[in-house]
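Okay, so here's the structure we're looking at.
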Amino acid sequence: MAGKKAAALPRKVYEKELLRLQTELVKLQEWVRASGTRLVVVFEGRDAAGKGGTIKRVAEHLNPRVARIAALPKPTERERTQWYFQRYVEHLPAAGEIVLFDRSWYNRAGVEHVMGFCTKEEHQLFLRQCPVFERMLVEAGVLLRKYWFSVSDTEQQERFRRRLGDPLRRWKLSPMDLESITHWEAYSRAKDEMLVHTDISEAPWYVVESDDKRRARLNMIAHLLDSVPYHDVPPPVLDLPKRPGSTGYERPPRDLQTYVPDHAASL
C-alpha cells in the first residue's frame, strides 16, 4: 500500500460518523425505491480485506425488501455449462432495488484464474466480455459502482491470525483463504490485469485502502453517497390509530402454552 499509514480512527469518531452516513443510506434507499432506480454495488478485494464488514454496515439499517446482499456459492454443475454471466444476471435488481454483491462476476478474474478453476481461454474471454456486459447494464439504466478493497500483505496475515483464534470468526477462514497467502504475487498480477481491462469510463473501479477497517468503511460509504444523485424523499404522514375498546377478549391461561425458559433470570 502506497503512502504513509494513517493513524487509527478513534472509535467514538468512527461511530458518530457511521451513524450519520447510515442515516443518509436510508435516505438513499427511499430515493431508490421512490424513483425506481436500480443500484448495483460490487465489493471485491483480497480475503480479509474488509468487504464483509463494510457490507454489513451498509445494509445494517436498510429494508431487506429494498436492499439485499448477493453472495453466491460456487456454481453448480448445470451453472458451469451456462454463459458465465448468466447466474449473476438473475440477481440483478428490479426497479426500486439495491443489490450489494459480496464478490461478483469478478471471481473469474481473481480466484478462478489464480487457482486454476477456469482455463486461460475462459479467463481471456471474461476480460473481453466483462466491459461489454457492464456497458450493457449502464446503458439499460443500472447504476453500477465497483469497489476494490486493498489490504497489505502484513495486515492480511494479521487478520488471518486473529480469525484463527476467534471462535466467532473462525468460520470466515477456509483452506482456500490461507492458500491465498502463498499466491500473493499471483493475485496481485491478476488484479492488475483485471483493472487494465475493466476499469472503464462507464463503470470505473474505486480503490478503498482498507488496512484501517473503520476508515475504509466510512470512506467507501461516503463515496457511494456522493456518487449517487439522490435526494430526500418525504415519508408518508402516518398517524397512530386509537386503540378500540375491549369486546370481551380474554387471554388464554399461561399453562396452556409452552414458554421459553427465563435464561436471563440466571445471569
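The table that follows gives values for the structure above.
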quantity: Probe 1.4 Å, accessible area per residue of the chain, Å²; calculated: 62
quantity: Between segment 193-267 and segment 18-41, the Cα center-to-center distance that results, in Å; calculated: 11
quantity: Accessible-area ranking of 149, 117, largest first, probe 1.4 Å; calculated: 117, 149
quantity: Built amide H within the under 5 Å cut-off of residue 150, gap 5+; calculated: 208, 209, 210
quantity: Three-way shape call for segment 202-267 based on the alpha-carbon gyration tensor, with the a/c threshold at 1.5; calculated: oblate
quantity: Most mobile of 144, 100, 168 in a GNM of the chain (Cα contacts under 10 Å); calculated: 168
quantity: Solvent-accessible surface ranking, highest first, for 25, 195, 238 at 1.4 angstrom; calculated: 238, 195, 25
quantity: Most mobile listed residue (119, 198, 54) in the chain, GNM with C-alpha springs under 10 Å; calculated: 119
quantity: Using θ = phi - 60° and Karplus 6.51 cos²θ - 1.76 cosθ + 1.60, couplings along segment 169-176 (whole Hz; Gly, Pro as x); calculated: 10, 4, 5, 6, 9, 10, x, 5
quantity: Tensor-based shape of segment 128-170 (alpha-carbon gyration tensor, a/c under 1.5 rounded, otherwise prolate or oblate); calculated: prolate
quantity: With DNA, RNA and ligands ignored, accessible area of residue 231 (1.4 Å probe; Å², nearest 10); calculated: 100
quantity: Under 5 Å, built H, 5+ apart or other chain: amide partners of residue 205; calculated: 200
quantity: The chain: relative contact order in percent, alpha carbon pairs under 8 Å with at least 6 residues between; calculated: 29
quantity: DSSP bridge orientation in the chain - percent antiparallel, rounded to nearest 5; calculated: 5
quantity: Amide hydrogen neighbours beyond the local backbone of residue 67, cut-off 5 Å, H modeled; calculated: 98
quantity: Exposed-site-free run, longest, the chain (rule: trypsin sites (Lys or Arg not before Pro); DSSP loop; at most 15 other C-beta within 10 Å); calculated: 66-168
quantity: Cα-based shape type of segment 119-267, given that a ≥ b ≥ c are square roots of the gyration tensor eigenvalues and the cut on a/c is 1.5; calculated: oblate
quantity: Whole-Hz ³J(HN,Hα) from phi, Karplus 6.51 cos²θ - 1.76 cosθ + 1.60, for segment 187-198, glycine and proline x; calculated: 5, 5, 5, 5, 5, 4, 5, 4, 5, 4, 8, 10
quantity: Longest site-free stretch - the chain; sites: GluC sites (Glu not before Pro), DSSP loop, at most 12 other Cβ within 10 Å; calculated: 91-201
quantity: Share of carbon and sulfur in the accessible heavy-atom surface of the chain [1.4 Å probe, %]; calculated: 55
quantity: Estimated FRET transfer efficiency when R0 is 30 angstrom, pair residue 242-residue 17 (beta carbons, to 0.05); calculated: 0.15
quantity: Under 17 Å from the Cα of residue 74 - lysines, other chains or at least 8 residues apart; calculated: 172
quantity: Residues residue 231 and residue 72, FRET efficiency given R0 of 35 Å [Cβ-Cβ distance, rounded to 0.05]; calculated: 0.60
quantity: Gain on full stretching of the segment that runs from residue 35 to residue 152 - 0.36 nm per residue minus C-alpha separation; calculated: 38.2 nm
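The values are calculated or read from the model by the stated rules, or taken from the named source; none is laboratory data. Bear in mind that the values here come from a model prediction, so they are computed numbers and not experimental data. Neighbour counts are summed over all protein chains in view; Cβ atoms, including those assigned to glycine, are modelled from backbone coordinates with ideal geometry. SASA here: full protein model, heavy atoms, side chains in, ligands and nucleic acids out. Shrake-Rupley method; radii C 1.70, N 1.55, O 1.52, S 1.80 Å.
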